[in-house]
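Worksheet for the structure shown next.
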Amino acid sequence: MWSTIAAIIRVQWRVEMRQRVLLWQVAPFAVMALVITGLAANARSVTRTDVGPGLVYVVLVFTTLLLIGRLFSAESSSLSSPSFTMLAIDGSAAYLGTVIALAVELLVVTGVVVAISGLLFHFSALSLLVAAPSIVVTIIDLTTLGVLFGALAARPGQSAALLPLIALPSFTPVIIAGERLLTAAVTHHGAGQWWGLLILMSAVYGGIGVLLYGVIGEL
Amino acid sequence: MTVARLTDVVVTRDAFPVLAGLSWTIEHPGAYVVRGGNGSGKTSLLRVLAGLDAIASGDAQVLGHPLNATGRREVRRRSGWLGHDAPFHDALTVAENLSFASTVTRVPRERMADALDQVELTSRSATVASRLSAGQRRRLGIAWLIMRRPELWLLDEPHAALDDAGRQLVDDVVARAVAGGATVVLTTHQDVVLSRVDGEIVVRGGR
Amino acid sequence: MKNLWWRALGPVTLISLLLTGWLGLWVTPRAQQQGDFARLVYLHPAEAWVGIYVSFGTAVIASGLYLWPRTRRASLDLVAASAMEVSVVFLVLTLITGAIWGRPTWGVWWAWDARLTSTAVMAVLALGYLAYRYSFDDPMRRAQRSAILALISAVNVPIIHFSVVWWKTLHQGATVLTPGASIKIHGIMAWTMLLSFIAFTLCFVWMTRVRYLIARQAQEDSRTRLTSAIAARQSEGGV
């Protein structure tokens, strides 16, 4: 199982290193989205600590959906091909490998987005450092859920709108928890209960993914 | 042991009966050819034998497994597929692709050199898959099957995109697999002549 | 006997709904603070009860039973889909009546209230299930994948609820079942409210059954079409 997980992670990262989609396409998209949402929310006003953390997570959620959509799309992956199915890869290992590989890729983009958000919304470096653990766990949650819903939505010829429609309602608690914890860090307040929710989500959906990912791929 | 027994099998895709009551029995290991025109149901028959598709009605057993969810998983584990696609990533090299496939299926990686040699792709082992021609991709798919050594080889139009040397290669590979005790089922709509054929079915109108 | 019950269901549902309307509009008194708007208490909570708990719960239980090999039946998939459609209807009605009630109470049609927001998220969840379901042509794949989606989504429903409650709440507290189990509504008002719950639950059963019968008929029609399609497919071979 561990060798399969490692092989999947290695392949995904190697592909990324060669194609550089994350660096040249996804990260610039995320930064631009942050600037645009900041403009739309009139973030130059004094309320930027109110809207900033939320905007960061709006951008990260759409970046997650973008990466997951790309992972499961027929053009960039042979995951849905008969030949790949015939490899009969262990579903649990495939899920964990995909989640780990994608979570690390997302964390790279998140690092860029959070650093830029510090400049745009005047978050101090210290508060972002305090928020870092919660940001990491929130990204793991988004990936855990996203890969599960990505597998459910993956089908040749499937509309790109289906993944966000089925995934976004389930992202809601993660977005709220992440936003609350980031707000707490930049305003120096406590928000302890949200940690429990984030960890609960990782455990519940990680468990469901490990159990069902292989089954979903076979249906 | 009977390799496969299909009785009145109906398979639907998007509410269309791609197989419409097909019956076929493969009693012994050997080389079998599925012939038929475009859209006759050849690939669908192969997909059922591979455990890729569930049957809507009828009865089917492959490699001793009924084609329910558990049985299909086991059939997939023991079969090899060569189709128009390949389980390979365009951004990875020939060797990286084979290495990944062997790791996730626990096939010894030591078989790679011999397999690449048999399909004459040794000199291309460091080439990225996207730079391979259609015929070379097909050879890569065959190399993977040589490495995997499945009990049931399912080859969908294996001669497509291959030159004369490639066709001879398919013939040799099929002969070697059958000599090793495997069953090879291949589809074709061409008048392909194999050195050994143990059975043949002509599919028309999904049966 | 079973047929009699099903035949009586429609009229009984209609009578109970009319009775709720009559009691709620003419017999029960006006509220001291909210006036006639308080009469929404005979409509809004019962709609929420049916939309969130009864319909959604039925869809999830039917999906679970469908996935369980021992209880798997095609009819359970149709029950799940029918109940989820009814759930969408009641969730939307809950949101509309909630907004109508919110206007005089809070001064706005939409407040970022915890229950309102989590109900809206649930409505999108149910709509997502239906959109997902209708994206499949293959009945077996549709049934299996939709059942998995229903179960995965159901796990999240309490988490969504609590996260939104923690986030913010403006909603008035529970009226009937409070944490201390003390009932805040009495007399004819309590009875009318209880009747509204029964009437809307009956309405759910009736609507789900009608939708199920339509879906079953559609399934039988598609089976007939498949038989013709098989014959047509076979004739392609000239046999």
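The values are calculated or read from the model by the stated rules, or taken from the named source; none is laboratory data. Predicted model, so just to flag it, every value in this text is computed and none were measured. Positions of Cβ are backbone-derived with ideal geometry, glycine not excepted, and every protein chain shown enters the neighbour counts.
Just checking, how many residues over segment C:103-119 are of a type in the set (G, A, S) and crowded, with 20+ Cβ neighbours inside 10 Å?
1
Condition check: within 22 Å of A:A167 (Cα to Cα), touching a helix residue (DSSP H, G or I) at 6+ places or on another chain (Cβ under 9 Å), of a type in the set (V, I, T) and at pLDDT 85 or above. Does C:I152 satisfy that?
yes
For segment A:126-145, does any single residue satisfy the condition of being of a type in the set (S, T, N, Q), more than 9 Å from chain C (Cβ to nearest Cβ) and within 18 Å of C:I148 (Cβ to Cβ)?
yes
Which of the residues that make up segment B:36-64 are surrounded by fewer than 18 Cβ atoms within 10 Å (Cβ to Cβ) and more than 20 Å from C:P139 (Cα to Cα)?
Scanning segment B:36-64 gives B:G37, B:N38, B:G39, B:Q61, B:G64.
Scan segment A:14-51 residue by residue and report those that are within 11 Å of another protein chain (Cβ to nearest Cβ) and in contact with a helix residue (DSSP H, G or I) (Cβ under 6 Å, 6 or more places away or on another chain).
Scanning segment A:14-51 gives a single hit, A:E16.
Checking C:S135 against (1) within 8 Å of chain A (Cβ to nearest Cβ); (2) in a helix (DSSP H, G or I); (3) within 20 Å of A:G150 (Cβ to Cβ); (4) in contact with a helix residue (DSSP H, G or I) (Cβ under 9 Å, 6 or more places away or on another chain), which test does it fail?
Against the list (1) within 8 Å of chain A (Cβ to nearest Cβ); (2) in a helix (DSSP H, G or I); (3) within 20 Å of A:G150 (Cβ to Cβ); (4) in contact with a helix residue (DSSP H, G or I) (Cβ under 9 Å, 6 or more places away or on another chain), C:S135 comes up short only on (2).
Residue by residue through segment A:157-166, note down the ones that are at the interface with chain C (Cβ under 8 Å from one of its Cβ atoms) and modelled with pLDDT of 90 or more.
A:L165, A:I166
Are any of the residues in segment B:38-59 more than 9 Å from every other protein chain (Cβ to nearest Cβ), of a type in the set (A, V, I, L, M) and assigned to a strand (DSSP E or B)?
No, because not a single residue in segment B:38-59 is more than 9 Å from every other protein chain (Cβ to nearest Cβ), of a type in the set (A, V, I, L, M) and assigned to a strand (DSSP E or B).
With A:V51, A:V61, A:V56 as the choices, which residue is of a type outside the set (D, E, K, R), surrounded by 15 or more Cβ atoms within 10 Å (Cβ to Cβ), under 17 Å from A:F123 (Cα atoms) and at pLDDT 90 or above?
Of the residues listed, the single one that is of a type outside the set (D, E, K, R), surrounded by 15 or more Cβ atoms within 10 Å (Cβ to Cβ), under 17 Å from A:F123 (Cα atoms) and at pLDDT 90 or above is A:V56.
Six or more apart or on different chains, Cβ under 8 Å: which pairs go from a residue in segment C:101-130 that's within 30 Å of C:S146 (Cα to Cα) and within 11 Å of another protein chain (Cβ to nearest Cβ) to one that's of a type in the set (A, V, I, L, M, F, W, C) and outside any helix (DSSP H, G or I)? Could you list them?
That search, which allows pairs on different chains as well, returns C:A114/C:L170.
Report the residue count in segment A:184-194 for those that are within 11 Å of chain C (Cβ to nearest Cβ) and surrounded by 17 or more Cβ atoms within 10 Å (Cβ to Cβ).
Here the count works out to 2.
Would you confirm, using the coordinates I've provided, whether C:V79 is part of a helix (DSSP H, G or I), of a type outside the set (F, W, Y), at pLDDT 95 or above and farther than 30 Å from A:V215 by Cβ?
Criteria not met by C:V79.
Regarding A:V104, is this residue surrounded by fewer than 21 Cβ atoms within 10 Å (Cβ to Cβ), part of a helix (DSSP H, G or I) and at pLDDT 95 or above?
When the stated conditions are applied, A:V104 passes them.
Restrict the check to segment B:79-95 and report whether at least one residue is over 30 Å from C:R223 (Cβ atoms), out of contact with any Lys or Arg (no Cβ under 6 Å at 6 or more places or on another chain), within 11 Å of another protein chain (Cβ to nearest Cβ) and surrounded by fewer than 17 Cβ atoms within 10 Å (Cβ to Cβ).
Yes: segment B:79-95 contains one or more residues that are over 30 Å from C:R223 (Cβ atoms), out of contact with any Lys or Arg (no Cβ under 6 Å at 6 or more places or on another chain), within 11 Å of another protein chain (Cβ to nearest Cβ) and surrounded by fewer than 17 Cβ atoms within 10 Å (Cβ to Cβ).
Of all residues being more than 9 Å from chain A (Cβ to nearest Cβ) and surrounded by 22 or more Cβ atoms within 10 Å (Cβ to Cβ) in segment B:65-78, which is farthest from B:L145 (Cα to Cα)? Just the residue, please.
B:L67
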